[in-house]
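The values are calculated or read from the model by the stated rules, or taken from the named source; none is laboratory data. Bear in mind that the values here come from a model prediction, so they are computed numbers and not experimental data. Positions of Cβ are generated from backbone atoms using ideal geometry, with glycine treated the same way; all protein chains shown enter the neighbour counts. For accessibility, only protein heavy atoms count, side chains too; no ligands or nucleic acids. Shrake-Rupley method; radii C 1.70, N 1.55, O 1.52, S 1.80 Å.
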Amino acid sequence: ESRERLSVCSKLCYAVGGAPYQITGCALGFFLQIYLLDVAQLDPFSASIILFVGRAWDAITDPMVGFFISKTSWTRFGRLMPWIIFSTPFAVISYFLIWFVPDISRGQVMWYLVFYCIFQTLVTCFHVPYSALTMFISREQSERDSATAYRMTVEVLGTVLGTAIQGQIVGKVDTPCIESPFFIGKANSSVAMEELNMTHDTGSLTDTRNAYMIAAGVIGGLYILCAVILSVGVREKRESSELQSDEPVSFFRGLKLVMNHSAYIKLIAGFLFTSLAFMLLEGNFALFCTYTLGFRNEFQNILLAIMLSATLTIPLWQWFLTRFGKKTAVYVGISSAIPFLIMVAVLDSNLIVTYIVAVAAGISVAAAFLLPWSMLPDVIDDFKLQHPDSHGHEAIFFSFYVFFTKFTSGVSLGISTLSLDFAGYQTRGCSQPREVNFTLKMLVSAVPVGLILLGLLLFKLYPIDEEKRRKNKKALQDLR
């Protein structure tokens, strides 16, 4: 057991590897929708196609990459680390091109769709092996839990960085907007005046586009730095996985075993809906702050308040789950978001109240970040006890866990953007119709609350409580 202990330096280097996925994911999650609508000036229908297809493709690539990893032989760098190293430079290039507005009259939709899908593929080649690396750094459950807590702290810090870098750089530039064109068709002079206003705004729109590219460059540099620290500071331990041969694992046999594992399916069912609630909130929050609350120049600071609050409370939830158990932490942590989601939609627009609600909601966001990844290794240990002769399925567990979450988030974001289209969303509008504001309230309040309640109800079926977890730990030690 003492040989399996990880140094603080190793845990920190491992944790840093989780930042690129969260930094880029947070920037895309919070800002891509408003970027496509108000900066790239795509119509809501085209934006919904990009968001849905990109997320759906991202979901499909997870099991694909899991399959290829299961076929990968061990090298002197490990089995997972080469995937992380070689995907990084190409991921950074494709990420930058997502935030570039091409000077083409046609094909803009295809440009964003192609590079969004390419980036999602490459970041999956980084994140799936990184997630599975949890099982290869130590055989000790306590050490893996500790490393996961380090990782979640850095990942939430990554979301703070993503929000701060993207939000503060872009927030320095005022994105031009156009007043509702109620005068269109009334007089030619009015139409000419509108065209003059749009021409006047072009310079400012160029500044906004440049700001998005600067932010993409800074985030790309951080992505590379984190990948270097991870590859240099973490050693992938072959013996920790208990895989004793280079024989490729039968992927489909392993997939069948994994999908028949009751605890895994119940864990996915519970967290699928709760994760979906937070992703729906993430995707529409910038539009909600900008138009419904009227905080066009403050929304990046409100997002930053949420993420800072989440970062500071990760250690609190780590202590709570070790003291009271992981299932109790799920119920307390995630359900605490419900009153604040209701408050932000019901109360009148007030900046101070909004900041208070943002800080309080960040506490629940921290629990939603930490708990799924902390509980999945327990499920894998339970699987190993039931199938002691079947090894090498860790990537399948992690990749399909992410697959279901990403696919449903793609569907939800596509539907939510289409809902804005049906409600009459006006691209680059200074304000939106009443129907759009009502739709945004539903997307960040009522729908997430319903999804959280459904997820917590399903989570009651999850069978691994603290007593079962302790028994599994002792049984694995005896087996070894």
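Observations on the model:
- Matching entry among PHE67, PHE52, PHE96 (being more than 20 Å from the chain's Cα centre (by Cα) and either in a helix (DSSP H, G or I) or surrounded by fewer than 20 Cβ atoms within 10 Å (Cβ to Cβ) (or both)): PHE67
- Qualifying residue in the range 201-209 (condition: part of a helix (DSSP H, G or I), modelled with pLDDT of 85 or more and either open to solvent by 70 Å² or more (accessible area, probe 1.4 Å) or in contact with a His (Cβ under 9 Å, 6 or more places away or on another chain) (or both)): yes
- All positions within the range 278-321 that are open to solvent by 40 Å² or more (accessible area, probe 1.4 Å), without any contact (Cβ under 8 Å) to a residue 60 or more places away in the chain and part of a helix (DSSP H, G or I): LEU312, LEU316, TRP319
- Check on PRO82, in the same structural domain as TYR212 (by the TED database), closer than 30 Å to PHE252 by Cα and open to solvent by 10 Å² or more (accessible area, probe 1.4 Å): yes
- Residue satisfying condition, being in a helix (DSSP H, G or I) and buried (at least 23 other Cβ atoms within 10 Å of the Cβ), within set ILE352, ILE396, ILE356, ILE363: ILE396
- Filter result (in contact with a Gly (Cβ under 7 Å, 6 or more places away or on another chain) and either open to solvent by 20 Å² or more (accessible area, probe 1.4 Å) or small (Gly, Ala, Ser) (or both)) within the range 411-450: SER416, PRO433, GLU435
- Tally of residues being within 30 Å of GLN386 (Cα to Cα), of a type in the set (A, V, I, L, M, F, W, C) and modelled with pLDDT of 80 or more across the range 407-466: 7
- Restricting the range 35-46 to residues that are in contact with a Phe, Trp or Tyr (Cβ under 9 Å, 6 or more places away or on another chain) and assigned to a helix (DSSP H, G or I) leaves a set whose member that is surrounded by the fewest Cβ atoms within 10 Å (Cβ to Cβ) is SER46.
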